[in-house]
Structure formats: structure tokens, C-alpha cells
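Derivation of every value follows stated rules applied to the coordinates shown; laboratory data play no part. Predicted model only: the values in this text are computed from it and were never measured. Please note: Cβ atoms are built from the backbone with ideal geometry, for glycine as well, and neighbour counts cover all protein chains shown.
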Amino acid sequence: MQAPHDTAGAGAESAKASPLYGRIKADILQRIRKGEWRPGATIPGEVELARSYGCARMTVNRAIRELAGEGVLERRRRAGTRVAPFTGHSALLDIPRIDQEIERLGARVGYRLIGRKSVAADAELAARLDVAQGAPILEVTCLHLADGVPFQLERRWINLQAAPDAAGEDFASSGPNQWLLDHIAWSSVEHEVAALAAEPADAEVLGIARGAPILEISRRTRQGSRVVTLARLLHPGESYRLQARASVA
């Protein structure tokens, strides 16, 4: 293992301006993202890392503590430090970016568009999106991957009366989750969560056995009183957890 080193130009100035523990932290994260240390793998101990980086053990300790606090690493007494397994989490009171969720796991972001089509809202969809029957809707189905492993199957319906610019997006290289967060200022969100057995078609896309446990998150997002989008998000049951926080003013 080699110590993190500066490169020429602006990157070098940025690296020199960062404290050493921050550069070590970034280097460890980069090695995880490149697959040198896979999820669940034990990384070298602090003494060995300090020797390879040419620094004090306390400097390495701080970098590892911060990565553990962010959920990238797991510290286990007498068992060393390992890369956290894929156990993504989502805040129920917020709308997370799926690419950032995957990056926080130290994984490589992957994406595949499965289908995109314009449809007229039927009675059920019109009721869920609070639009008139026959209103124009964009339906997008896509798969998000973490290091090549299916992480989330996203089925989304976008109200084109609320987000007309979405009609011009092909979503070939990134999903509607990111586009909507970048272009639409949402004001409220509703979530419904269910534990289900994977249906054959969903199981095939997610790469799991038929009937295997999956977590379904149904999300409806509004801008003011208007529903902008409805999403059905499916995760393999053992790879995801939910998080919610609330406070009283």
C-alpha cells in the first residue's frame, strides 16, 4: 500500500490544503470504491496503515473513526475493521438521492434503463396522482446497481402537467430520481412501506429467488397541492434499512 500523494496543478494545491487524516480518509474511500477492499472485507490494522502512510497511528485512527461514523466502515473489537456490507438506508422524512446512497456505501454507482413510455392516466393512476383520467404521464422503469449488484428497482410515474420538462428527458444515463431532485422543488412527501415476497418478474430483475423477501417503498411527492410523481421502489430485503427522525419544536 502506498501513501496518498499529491498530483500537479490545482489538485495538488487542494490536497496540500487538506489535513493528512482527510487525505487518508479519501484514499481509503477510493480504494473501497475501486474494489480493492470489498464489502465485508477486513482492512489492514491501524499500525500497518500508519506505517504505509508514514504517519502517526492517531492520524489513521481519526480517518477510520470518521468513516465508521459515516457507515462506510465497521469497527469490531478484537476482529478489526471491515468494509460495511451493502445495507443502504433511507430517511422516511426526506427524499434521498439514490446515487449518493450507493456512494455512501463505498460502492460504484451503476444504472440501467429498462423502459420509458408516455401513457394516459387510467382511473387508478389518476387517483394516485390526483389528476384527471387521461392526463399525460411519463412512466419510467430503471435499475440502480451497487458495484454491479441490483440495489433498487425503480418504477416511477411523472405527472407531465406538473413537470412538463421531463417529457424531453430520455433517462438513458441516469434515473428520474436525480433529475426530479435537481429540477423540482418538492414541498411534501408521503411514504408507504411494505415487506413483500418477490414476484417472478421483479425477482428476475433484482437477481434474487422468486418469493425472496423484498422491501417496497411507495413514495408520492408534491409541490404545493399538486402531485408531481409517484414511485414504487423495490429493494432486496436483506440489503436495505429505513431510518426516520422527528423532533418537536
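Select, from Ser187, Ser173, the only residue that is of a type in the set (Ser, Thr, Tyr) and closer than 23 Å to Leu105 by Cα. First the steps, then the outcome.
Numbers: Ser187 fails: closer than 23 Å to Leu105 by Cα.
Testing whether each residue is of a type in the set (Ser, Thr, Tyr) and closer than 23 Å to Leu105 by Cα leaves just Ser173.
Mind listing whichever residues of segment 184-203 are free of Cβ contacts under 8 Å to residues at least 40 places away in the same chain, outside any strand (DSSP E or B) and either at positive phi or surrounded by 12 or more Cβ atoms within 10 Å (Cβ to Cβ) (or both)?
Here is the first cut: in segment 184-203, the residues free of Cβ contacts under 8 Å to residues at least 40 places away in the same chain are 185, 187-188, 190, 192, 194, 196-201, 203.
Right, trim to outside any strand (DSSP E or B) and you get 185, 187, 198-201, 203.
Selection gives Ser187, Ala198, Glu199, Ala203.
What are the residues in segment 204-230 that are of a type outside the set (A, V, I, L, M) and either free of Cβ contacts under 8 Å to residues at least 40 places away in the same chain or exposed (fewer than 14 other Cβ atoms within 10 Å of the Cβ) (or both), if any? Please lay out each step first, then the result.
Initial filter on segment 204-230 (of a type outside the set (A, V, I, L, M)): 204, 207, 210-211, 213, 216, 218-226, 229.
Listed by number, the residues that qualify are Glu204, Gly207, Arg210, Gly211, Pro213, Glu216, Ser218, Arg222, Gly224, Ser225.
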>> Consider segment 130-179. How many of its residues are part of a helix (DSSP H, G or I) and buried (at least 20 other Cβ atoms within 10 Å of the Cβ)?
In response: 3
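Yes or no, residue by residue, for (1) assigned to a strand (DSSP E or B); (2) under 22 Å from Val228 (Cα atoms):
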{"residue": "Glu66", "(1), (2)": "no, no"}
{"residue": "Arg75", "(1), (2)": "yes, no"}
{"residue": "Ile95", "(1), (2)": "no, yes"}
{"residue": "Ala107", "(1), (2)": "no, no"}
> So which of Pro44, Pro39 ends up being outside any helix (DSSP H, G or I) and closer than 17 Å to Arg104 by Cα?
Replying inline: Pro39
